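A short write-up of the structure that comes next.
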Amino acid sequence: MERLTEKRRAPRYEIMEFGMLWRKGQKGDSERVCPAIITNVSLGGVQMKTRMPIEPSQELTLELAGESGPVFLPGDVRYAKNGSADGIHTLGFRFKPETSKDREELAKFVLSLRERISVSG
């Protein structure tokens, strides 16, 4: 039997957080795609559950609640397990921060989650 190797570069934290997915509209504005439940997070990305099927490779923005207001993190869908019997779809979303502000917001968000987990765990 072949042994699987961990490919993640950053630790992953199990959580239960609400987020919203957005995409760029045809006129350059943002269109809401669907709500999502984040089930784990790292500096590299998140795994989430949605009720809407999403195809891999889509460029989206994930809106999360930050300590001082909403945080918008751009990225892409790496994998999608669509069509489960209960209507829940599982997505892997890779963060692709475009600016230093994006990178800073991402780091703050993940660190705040880590602190909350260590306090409650």
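The values are calculated or read from the model by the stated rules, or taken from the named source; none is laboratory data. None of these values were measured; they are calculated from a predicted model. Note that each Cβ is placed from the backbone with ideal geometry, even for glycine, and that neighbours are counted across all protein chains shown.
Restricting to the range 66-121, count the residues that are touching a strand residue (DSSP E or B) at 6+ places or on another chain (Cβ under 9 Å), farther than 18 Å from residue 12 by Cα, hydrophobic (A, V, I, L, M, F, W, C) and at pLDDT below 90.
Final tally of qualifying residues: 1.
Can you name the strands (runs of 3 or more DSSP E) wholly within the range 32-110 that have at least 3 residues being over 18 Å from residue 20 (Cβ atoms)?
Counting at least 3 such residues, we get 69-81.
For the range 10-31, what are the residues that are among the charged types (D, E, K, R), within 14 Å of residue 61 (Cα to Cα) and either touching a Pro at 6+ places or on another chain (Cβ under 9 Å) or assigned to a strand (DSSP E or B) (or both)?
Step one: of the range 10-31, the residues among the charged types (D, E, K, R) are 12, 14, 17, 23-24, 27, 29, 31.
Within this subset, residues satisfying the condition of being within 14 Å of residue 61 (Cα to Cα) are 23-24, 29, 31.
Those that are among the charged types (D, E, K, R), within 14 Å of residue 61 (Cα to Cα) and either touching a Pro at 6+ places or on another chain (Cβ under 9 Å) or assigned to a strand (DSSP E or B) (or both): 23, 24, 31.
Can you find a residue in the range 43-51 that is under 15 Å from residue 12 (Cα atoms), under 12 Å from the mean Cα position of the chain (by Cα), surrounded by fewer than 19 Cβ atoms within 10 Å (Cβ to Cβ) and among the hydrophobic types (A, V, I, L, M, F, W, C)?
Yes, because at least one residue in the range 43-51 is under 15 Å from residue 12 (Cα atoms), under 12 Å from the mean Cα position of the chain (by Cα), surrounded by fewer than 19 Cβ atoms within 10 Å (Cβ to Cβ) and among the hydrophobic types (A, V, I, L, M, F, W, C).
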